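The values are calculated or read from the model by the stated rules, or taken from the named source; none is laboratory data. What you are looking at is a predicted structure, and each value in this text was computed from that prediction instead of being measured. In this analysis, Cβ positions are derived from the backbone assuming ideal geometry, glycine residues included, and neighbour counts consider all displayed protein chains. Surface accessibility is based on the protein's heavy atoms, side chains included, excluding ligands, DNA and RNA. Shrake-Rupley method; radii C 1.70, N 1.55, O 1.52, S 1.80 Å.
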Amino acid sequence: MKRFRRHGQESQRDRLKQELFQFNKTVEHGFPHQPSALGYSPSLQLLAIGTRSGAIKLYGAPGVEFMGLHDENAAVTQVHFMPHQVELVTLLDDNSLHMWTLRGHKGLSELLEIGRFTLTGPPGAPPSVTRVTAVLAHTSGELLLLGTEGGHVFIVEVPGFRELEERNISLDQVAASVPDDYIGRRNLEHVEALQENPINPNQVVIGYGRGLMVIWDLEKRCAIQHIPATQQLESVWWTEDGSYILSSHSDGSYCRWMVGGEDVNDEEEKSDIPYGHFPCKAISKIIQLPTEEGPPFLLFSGGMPRASYGDRHCITVIHCKTHVALDFTSRIIDFFVIRDGLQHTGDPSALVVLVEEELVVIDLQTDCWPVIQTPYLVPLHSSAITCSHHVSAIPLKLWERVIAAGELQNTHYSKKPWPITGGQNLAPDPPQRDLLLTGHEDGTVHFWDASGVCLYPLYKLSTAGVFHTDADPNDNMNQGAEGEWPPFRKVGCFDPYSDDPRLGIQKIHLCKYSGYLTVAGTAGQILVLELNDEAAEQTVEAKVVDLLQGQEGFRWKGHTRLDVREEPVLFPPGFQPFALVQCQPPAVVTALTLHSEWKLVAFGTSHGFGLYDYQQKNTVLIKCTLNPSDQLAMEGPLSRVKSIKKSLRQSFRRIRRSRVSLRKHHVNNTAKLQEANARLEAELAEMELAPVQRKIEARSSDDSFTGLVRTLYFADTFLSDSSHNTPSLWAGTNGGCVFAYMLRLPPVEHRADEPVTAQPAKEIQLMHRAPVVGIVVLDGHGAPLPEPLEVAHDLARSPDMQGSHQLLVISEEQFKVFTLPKVSAKMKLKLTAVDGSRVRRVGVAWFCSSRTEDYGESGLVVLTNQGDVHVVSLPHVKMQVQYPCIRREDVSGIASCVFTKHGQGFYLISPSEFERFSLSTCYLVEPRCLVEAPLHSGSSSQRRSQPDGASSTHRTRQDSEDAEVLQEIQKSLEGDQTSFLENNVKSAVA
Amino acid sequence: MNRSFNKSQPLRNVDCNAVEVKSKYGAEFRRFSVDRVKPGKFEEFYKLILHIHRIANMEVMIGYADVHGDLLPINNDDNFCKAVSTAHPLLRIFIQRQEEVDYANFGTNTITRKKKAVVALRNNDVNRKRPHIRIGMPQDFRPVSSIIDVDILPESHRRVRLYRHGSDKPLGFYIRDGTSVRVTPHGLEKVPGIFISRLVPGGLAESTGLLAVNDEVLEVNGIEVTGKSLDQVTDMMIANSHNLIVTVKPVNQRNNVVRGSRISGSSGQSSDSSGSTDDLESDEDADIVIESSLKRPSQRSNASLAYQLHRDLNLHSNPALRHSNGSLHKILSSLKTDPRHSLALPRGGVEEDGTVITL
């Protein structure tokens, strides 16, 4: 009987778990890693980006995004929207073509792959015959023209991918009619470009690699005109009135050719090498667009003088007398121009450029062509991300002040609205305002609006101004002196070069109620900042804290600490530093916490930890945790870890140097080179042959970095006796040690003049010695203590101070609950001993039931080194759920993970992208959007989209796959369908 | 045990009553004889030995070589009687100064291994008749390793338990990835496995002799390692390092424990490993907690915890901590090395004056 009842309870708990927890990866924020193709549909107003890993991403109005992934792990080389339709075609590196569509489902659109196709040539033909090099999506929406490496053009009917063999344009057909005097007639090479005549869809121009262009009539199936360019062809553009063709070439020239009539020996009308005289690089793409009044816009990429500016990534825009070479910081993938008007045939309004590391949009209708701030696809990695911090439910007041500070920084941006507006964002308004703060290598902290699908930049804080750095403030951006040629203008914000790596931000803590922020960096610097709406000039006084506390015999071998500017510095409105602590030795800060109510900041490094009173600006406590025998902790960062990498790099350098010297001296000394090669090979072989083995040894107190402080925690709890609660500071080290200090704060009226004191109260040495990664005090109800000021702002229930408190110590290996005030072990959950995984990240989160509105419970969210996320219940430390989340090889992804207070999380899937996931059934942020077929071809697209569903009988294989995908998506959607409906109802009522 | 003593009556079919004795002390030999039928008291024999060797004022330990070549002690009437009665043809005596006695030399299989093996093969009865004699001071010994669960494991597997507590020796072994061959219904199949790759000389693993290079690791503390990565298995072993139980498939299958033989009981452990693990489980719970009394407000921060702890520990007059110079770190590290044995405090902690040391 008893057993039955327990079984009942368990199943009840299981049901509750289903109501509380659910794992979803919801949306990717940031800029796609390694983009390789760009497409744009003027009619849908959607932008498509393909990546080298085979992903295809569509973006429209902010919040409208779709993502698809090709099954093949091949790079997307081209993306073409079918004109006036909701389909698009992608070409992959493996020569396969894929048809995607946006299909409506339950009021939302989904991106689905509906077909794939690979050209098959005649039997026995070499693969180059069918290797696709150029794609033209014909305006009829029914044809695809595929130019190949063999020089043929294949015509395929879509969406079914039916080859229309009789209409193919073979190389022989074309070659036969080429004028005899054309220099390259023997080998026209591959099809480089295919363009349609904007005023006559039956005419296409085929551009061959050798330079020849042929205007072909699709109806009559014959060549109309030959354009005998002799330079290697890069791109072709047919002007809008159909009367000219522009061709760009590999020598940095472009030519304009008159289209007309039967005159076979048409001479080029105009040829120009814009950055001429000296040899230039190729112009890879050229566009000319008319304006209503006045001369047309001419835009082209590349063409720079090879010797002096061959390494620049430029797009030149020429209009009237204005000539600007937009200078990007990374390689240009592709670009297009958005035009005004309902039919998108008006004046050019914006230039959209996809470069390797960011998307830049330039307003072509405002003077000086300013940049329009992108609401999505923002490069998170403009400087490498070094840490991140998430703050949920920001009070409106702080939110508005941060936004106001950010707006003052964005005055150089165009005032124009975002020009890409396709689709409708149907996602409900986010329930709260969330901030994601990212710390960067160059000492900046970026504030992102992480409430919704778009990770929108709000404000950027730079800490570099506090210090003297090597950087010359007039270094960049001020170039483009008068008369410089080419007329460069720097655009884009991707700037991976840090002036001083010591500036890097390592830890961030923001108090959302008081607006106090503390950030800590690589060189042991801790800044306390305050939000100020006015600019202020002030001196930041540095307080140097010696964490070694007289421990003798140590010499720090790492970097020196940063030089602080002694003169007053003008800080713009926003977060302004008012206190600075510099640790000595200046090792990277490994733990940081702020208590705004007590006005205390605690910080830790590999040598110890300290407590700083930022009201009185003095240190309350310094504790050295360094083991006297630990010399490694004095080495400074990365001295040994990178040794293999370093030695490899050195060997490469040796080889390169030897090669260079060989060339330089023209010495026929191959022996040297061989020797260097042999050395490298030996080193590589050594690395591979050395068996990977792991030492099995218990941790000891003599291990390195046992004194490294991993976590710091403030708590108001029962430290000495069970009747009086006191403020306390807790610190956990890498060696499994927990220190507790009792803090004595003077009464509020004397807070400014009486000292704050700290007394050692407890020391716990965990027997298993695993690093302590988290400390939480649970109140009498077993709930984690609220954040400082949370109760004062009526945002949290005040903690239960009647029942006895408990201490939860989370080490990498286990979760252990102790009683308070007398510390004795109560219960524990072992992780590593059981499944070999270790805790990497841990956070406390609140989970609400999806069914019962008022039920919720807090739990620990844990990410392990195996990449799994777990939820552990509180206070009983029982494993609740476990989901695989990140590949275990993705070490940087695991290290970058940050949890929110409501069971969501972020981790970096590439240097520039955050993946967002959710463990909660209630808090989900994911795109919900609808894209409707363009109006003017509505009838045809409807005709198309409906048979799609019905014609599943004859396209069996693909459709069954589709159905599976559909079902899966449906299933995943159903979980939150209810909340979505509810939200809709709510908004309707409101 | 007593049964074997009762059996050790003088043999009837011996015609000569004198037993030749060859006694060795250091490099010196003395020869004499004793009466086989009436050997007398041990005390008399002891005095005789001291006299003959002219070491009257010395404390010595007398040992003899029995028929199997084992060095056994003579320290009471019974084993003296036994030694004399089983001497054949002569009684070989070894004398060691009490302070130099190496107890490890006593016991079975110590002097003449080869001879013993031969004897054992020739006559199994000898084994059974061999006297069981207490030969050492057990309180000085602690197990460092044992083979357990012999009765529930396949004979080709071996479950080894390494007791790290109380020993300063490192565990001292390395593991690596490898492939092992499994028999499946579809035939032989190669599967990835974890193997011992190296034993550190002088380490615990090597000194037990129970683990060897290329042994395949099958389980760690009862959890199978199949499907786990090398790093995971490493972490599991380290997490269990205080009481590590490794189930291996030894690469050398010739020394396997034969099920049902008497040796299976020799581990002295119950065959139920889970029960015994629980017993040791509490060991690992022994986190060290130092709480300082903060009740007296007069104690300002200058009254350091270290000082206080030092004082309190001295009150316990624990010799292990006498030397402590007030540095908390040193005290802690001395506690760390062996909390249970170097600090002979009762379990559960001693409370005194508000300061608690829980072990």
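Round to the nearest 0.05 the FRET efficiency obtained for A:Lys695 and B:Gln253 when R0 = 25 Å and r is the Cβ-Cβ distance. Each step should come with its number before you reach the end.
Values: r = 27 Å, r/R0 = 1.07.
According to the calculation, E is roughly 0.40.
How large is log10 I(q)/I(0) at q = 0.12, 0.15, 0.24 Å⁻¹ when the Debye formula is applied to the Cα atoms of the range A:32-118, each weighted equally and without solvent?
Listed by q, the Debye log ratios stand at -0.30, -0.48, -1.23.
If you count only protein heavy atoms with a 1.4 Å probe, what accessible area per residue comes out for the range B:18-105, rounded to a whole Å²?
On a per-residue basis, 53 Å².
Holding the Cα-Cα limit at 25 Å, pick out from A:Lys557/A:Lys623; A:Lys507/A:Lys599; A:Lys416/A:Lys490; A:Lys695/A:Lys826; A:Lys460/A:Lys512 the pairs that are longer than that.
The pairs that break the limit, which is 25 Å between Cα atoms, are A:Lys695/A:Lys826.
Take the solvent-accessible surface of the protein heavy atoms, probe 1.4 Å, and return the percent of it on chain A that carbon and sulfur atoms account for.
C and S fraction of accessible area: 50 percent.
From the phi angles alone, apply the Karplus equation (6.51, -1.76, 1.60; θ = phi - 60°) to the range A:605-613 and give each ³J(HN,Hα) in whole Hz, x where the residue is Gly or Pro.
Result, ordered by residue: 10, 6, 10, x, 9, x, 10, 10, 9 Hz.
Relative to the longest principal Cα axis of chain A, at what angle does helix A:670-689 sit, 0 to 90 degrees, rounded to 10?
50 degrees
Picking from A:Val86, A:Val64, A:Leu47, whose Cα lies most toward the positive end of the charge dipole for the range A:32-118 (charges on Cβ: Lys, Arg +1; Asp, Glu -1)?
A:Val64
Carbon and sulfur together cover what percent of the accessible area of the range B:145-255 at a 1.4 Å probe radius?
On the way: 2480 of 4760 Å².
Carbon with sulfur: 52 percent of the solvent-accessible area.
Accessible area per residue, 1.4 Å probe, Å², for the range A:122-272: what's the number?
Accessible area per residue, the range A:122-272: 43 Å².
Scan around A:Ser43 for amide H atoms under 5 Å from its own, H built in the peptide plane at 1.01 Å from N, and keep only partners 5 or more places away or cross-chain.
Residues meeting the criterion, in which the H sits 1.01 Å from N, are A:His84.
Applying the Karplus parametrisation 6.51 cos²θ - 1.76 cosθ + 1.60 with θ = phi - 60° to the phi angles of the range A:454-464, what ³J(HN,Hα) value in whole Hz is obtained for each residue in order, glycine and proline being reported as x?
8, 8, 9, x, 9, 7, 10, 10, 10, 9, 5
Calculate the spin-label point distance for A:Ser128 paired with A:Asn168, positioning each point 7 Å from the Cα along the beta-carbon direction, and give it in nanometres.
Simple spin-label model gives 1.7 nm for this pair.
With the solvent-accessible surface defined on protein heavy atoms using a 1.4 Å probe, which residues belonging to the range B:206-255 display a reduction of at least 50 Å² in accessible area in the multichain context relative to the isolated chain?
Buried by 50 Å² or more upon assembly, which counts only protein chains, are B:Gln232, B:Asp235, B:Ile238, B:Ala239.
What does the charge count near A:Cys280 come to, summing +1 for each Lys or Arg and -1 for each Asp or Glu among other residues with Cβ under 9 Å from its Cβ?
+1
DSSP loop GluC sites (Glu not before Pro) in the range A:223-323 with at most 13 other Cβ atoms within 10 Å of their Cβ, which ones?
Hits after loop and neighbour filter: A:Glu262, A:Glu267, A:Glu292, A:Glu293.
Long-range amide H contacts for B:Leu91: which residues qualify at under 5 Å (H placed 1.01 Å from N, peptide plane, sequence gap of 5 or more or a different chain)?
Close amide H contacts, sequence-distant or interchain: B:Glu20, B:Val21, B:Lys22.
Kindly express, to the nearest 10 degrees and within the range 0 to 90, the angle between helix A:2-20's C-alpha long axis and the longest C-alpha principal axis of chain A.
Once rounded, the angle reads 50 degrees.
Compute the angle between helix A:396-409 and the longest alpha-carbon principal axis of chain A, please, reported from 0 to 90 degrees and rounded to the nearest 10.
Value to nearest ten degrees: 50.
Collect residues whose amide H, placed 1.01 Å from N in the peptide plane, falls under 5 Å from the amide H of A:Asp340; neighbours closer than 5 in sequence don't count.
Here A:Gly346, A:Asp347, A:Ser349 satisfy the definition.
Each label point is 7 Å from the Cα along the Cα-to-Cβ direction; what then is the distance between the points at B:Val213 and A:Glu534, in nm?
Simple spin-label model gives 7.7 nm for this pair.
Please give the total accessible area that chains A and B bury against each other, computed with a 1.4 Å probe and expressed in Å² to the nearest 100.
4200 Å²
Express the accessible area of the range A:837-931 per residue in Å², computed with a 1.4 Å probe while the remaining protein chains stay in the model.
36 Å²
Tell me, what ³J(HN,Hα) does each residue in the range A:868-876 have, in order and in whole Hz, if you take phi through Karplus 6.51 cos²θ - 1.76 cosθ + 1.60 with θ = phi - 60° and put x for Gly and Pro?
My calculation for the range A:868-876 gives 8, 9, 10, 10, 10, 6, 10, x, 8 Hz in order.
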